[in-house]
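Novice: Take this structure first; my questions come after.
Read the figures in this text as sums done on the coordinates, not as results from a lab. Source: prediction; values computed, not measured. Here Cβ is always computed from backbone atoms with ideal geometry, including for glycine, and neighbour counts include all displayed protein chains.
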Amino acid sequence: MDPIQLWNAIKEDLRKTTSEFSFATFIDSLTPVAVVENENNTVTLQLTSNHEDVANEWQGDTSSYRESFIQSAMMATMSLNGQPTFVLPSVTYIEPQPTQLNFSSEQATTTSNETDDASALASNFITKATLNPEFRFDTFVSSDENREAYSVAQAVADNPGTQWNPLLIYGGVGLGKTHLMQSIGNAVLERSPEAKVKFITTEDFINDFTEALRRGPKATEAFKREYRSTDLLMVDDVQFLAGKEKIQEEFFNTFNAITRENNQIVLTSDKLPKEIPGLEMRLVTRFGQGYSANITKPDLPTRVAILRNKSEQENLNIPNDVIDEIAAAVDTNVRDLEGVFNQVVGKMRFSKAPITVETARAILETMSFKRQRAITVPIIQDTVATYFDVTVSDLNGKKRNKEIVVPRQIAMYLARELTQDSLPQIGRTFGGKDHTTVMHSTEKIEKQIAEDEQLQRQVGEIREKLRN
């Protein structure tokens, strides 16, 4: 039985019953080593962890993960082999060897003509590594939803090449993935100026490799030496590797060379690796072996904080009501938010007229933004209750008749879609319901909308009422 194949199958089953944070920390971070057959017709899957606390969580019969593991292993072996096998977990702590970022002058000096020649050749065509000095941890405003990604990025910057390797930051366009990634690079260089830190886009990697192949074997060797000798490699937008087999093969080899030396890789993508069509499974597996951190749209308080932070950085006195107006109108992403802010700043600097809410609204209108009413769960409950002629108490209560259950499920579905509240937060607002109830309701309505035209129309009408 192949340990990697078995562990991947078990992980997929465990993912269904484990929170995202627990899965990433205590399950997905483990490395399968071997499958050992025992005398009593059972099997032990040997795994390792480079974090002692994670390994400790798996020790003993009282481990909170042991029973779930055994059940998932039964399902996994049934799927793989046609019959269930009793598999026991064995997790061993392996002390990581941290990346050495303190270089002596002798180490920093090239010792061979071969290396000199390769470096000189690489400098002729390989993209120069550049970091934006403004992209630092202290200039990144984190919402509660993005606190986890921020904390993991800081941990990677403090101890590169140890636990979270690679770190994958994923999310939509303009949400701050590149900012957070480059914050790691700037923090590492501030602490260890001699470290070899390289930031590139995936397009840069593709262009560099293509040019190296065009120039011949010496340039290709110089390319490999340049990329594989980095202490910290940061690659933006790895989803663009999809469908490029030759490039993926080289990236796979580069990835292995860097992590084998316990050096750090940080990646960004618009989605999880397994959701990228055309990405080879071996890369999906490698990208998922470290930590995947999601970045989401900033909520209203965070957007206000971002604008105030930028105002302070540029020593501008922008009225609070103007900042509030912009933050309420631009709810797409940080890039759009900063674009509107820059327009306001330009107006302040090149016009003698004072900046007012009316001025801000005019700028917003020219950029196709309009202030949105803040939609909250109580507003959704009121709107749904009015639409179906029931009470909010009915929605929050325990009645199970269809006239109440359907509006309740629709309200939960819309709360999940239109607010930033988490599943537990939504559940609490609906009379203390469990988060699994909210999840079931949203999934049920989502499925029925595709099949029931009347329900689709009802949800659309309620959504329109909420937005207007």
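Novice: What ranking of Val238, Val405 emerges when the number of other C-beta atoms within 10 Å of each C-beta is taken as an exposure proxy, fewest first?
Specialist: Numbers: Val238 24, Val405 15.
In order of increasing Cβ crowding within 10 Å: Val405, Val238.
Novice: Could you give the length gained by full extension between Glu312 and Phe350, i.e. 0.36 nm per residue of separation minus their alpha carbon distance, to one decimal place? Please list the in-between numbers first.
Specialist: Values: separation 38, 0.36 × 38 = 13.68 nm, distance 1.91 nm.
That works out to 11.8 nm of additional length.
Novice: What is the magnitude of the charge dipole of the chain about its Cα centre, with +1 placed on the Cβ of each Lys and Arg, -1 on the Cβ of each Asp and Glu, and no other charges, expressed in debye to the nearest 20? Intermediate results must be reported in sequence, preceding the final value.
Specialist: Numbers: 50 positive and 66 negative charges, 245 e Å.
My answer is approximately 1180 debye.
Novice: With charges only on Cβ, +1 for K and R and -1 for D and E, what is the dipole size of the stretch 3-93 about its Cα centre, in debye, rounded to 20?
Specialist: Values: 4 positive and 11 negative charges, 47 e Å.
The calculated dipole for the stretch 3-93 is roughly 220 debye.
Novice: At a Förster radius of 22 Å, what calculated FRET efficiency corresponds to the Cβ-Cβ distance of Arg335 and Glu134, to the nearest 0.05?
Specialist: Details: r = 14 Å, r/R0 = 0.64.
The formula returns an efficiency of 0.95 here.
Novice: Please work out how many pairs of lysine residues in the stretch 198-264 are eight or more positions apart (or on different chains) and have Cα atoms closer than 20 angstrom.
Specialist: Numbers: Lys198/Lys224; Lys218/Lys246; Lys224/Lys244; Lys224/Lys246.
Here the count comes out as 4.
Novice: Taking the Cα atoms of the chain alone, what are Rg (to one decimal) and Dmax (as a whole number) in Å?
Specialist: 26.2, 86
Novice: Can you give me the distance in nm between label points at Leu455 and Asn253, each placed 7 Å from the Cα along the Cα-to-Cβ direction?
Specialist: Each label point is offset 7 Å from its Cα along the Cβ direction, giving 5.3 nm.
Novice: Quick check: Cα centre of the stretch 165-237 to Cα centre of the stretch 7-69, how many Å?
Specialist: Centre-to-centre distance over Cα atoms comes out at 32 Å.
Novice: Gln154 to Arg260: FRET efficiency via 1/(1 + (r/R0)^6), r the Cβ-Cβ distance, R0 25 Å, to the nearest 0.05? Spell out each step's value before the answer.
Specialist: Values: r = 25 Å, r/R0 = 1.00.
Efficiency computed from Cβ-Cβ geometry: 0.50.
Novice: A further question follows. Pull out the extension gain between Met439 and Val173, defined as 0.36 nm times the separation in residues minus the alpha carbon to alpha carbon distance; nm, one decimal. Kindly include the intermediate steps, with their values, before the conclusion.
Specialist: Numbers: separation 266, 0.36 × 266 = 95.76 nm, distance 2.61 nm.
Stretched fully, the Met439-Val173 segment lengthens by 93.1 nm.
Novice: OK, next. Set the Förster distance to 25 Å, then compute FRET efficiency between Ala242 and Lys16 from the Cβ-Cβ distance, nearest 0.05.
Specialist: Values: r = 26 Å, r/R0 = 1.05.
Computed FRET efficiency for Ala242 and Lys16 comes out at 0.45.
Novice: While we're looking at this one, here's another question. Relative contact order of the chain: what whole-number percent is it, with Cα pairs under 8 angstrom and at least 6 residues apart? Mind dumping the intermediate values first?
Specialist: Details: 679 pairs, mean separation 55.3, N = 468.
Reported as a whole number, the value is 12 percent.
Novice: Calculate for the chain the 222 nm mean residue ellipticity that helices alone would give, adding -39,500 (n - 2.57) per DSSP H run of length 4 or more and normalising by residue count, nearest 500 deg cm²/dmol.
Specialist: -16500 deg cm²/dmol
Novice: Could you tell me which of Phe137, Ser422, Met281 has its Cα farthest along the dipole of the chain towards the positive end, charges placed at Cβ (Lys, Arg +1; Asp, Glu -1), taken about the Cα centre?
Specialist: Ser422
Novice: Further question on the same structure: Which of the lysines could a cross-linker span from Lys444 if the Cα-Cα distance has to be under 20 Å and same-chain partners fewer than 8 positions apart are dropped?
Specialist: The reachable lysines, counting only those whose Cα sits under 20 Å from Lys444, are Lys16, Lys398, Lys399, Lys402, Lys433.
Novice: Just rank Lys246, Lys224, fewest to most, by other beta-carbon atoms within 10 angstrom.
Specialist: Details: Lys246 11, Lys224 18.
Placing the least packed residue first, the sequence is Lys246, Lys224.
Novice: Taking the Cα centre of the stretch 300-366 as origin, work out the dipole magnitude from +1 charges on Lys and Arg Cβ and -1 charges on Asp and Glu Cβ, in debye rounded to 20.
Specialist: 220 debye
Novice: Right, another one. PRE reach from Tyr93 (point 7 Å along Cα→Cβ): which of the stretch 26-62 fall under 16 Å by backbone N?
Specialist: Answer for this model: 26, 30-31, 47-60.
Novice: By how many nm would the segment from Asn38 to Phe86 lengthen if fully extended, with 0.36 nm per residue of separation less the alpha-carbon distance?
Specialist: On the way: separation 48, 0.36 × 48 = 17.28 nm, distance 1.03 nm.
Here the segment from Asn38 to Phe86 would lengthen by 16.3 nm.
Novice: While we're looking at this one, here's another question. Fewest Cβ neighbours within 10 Å first, please rank Met234, Met181, Met281 accordingly. Before the final figure, lay out the partial values.
Specialist: Working: Met234 26, Met181 23, Met281 10.
Listed from fewest to most nearby Cβ atoms, that is Met281, Met181, Met234.
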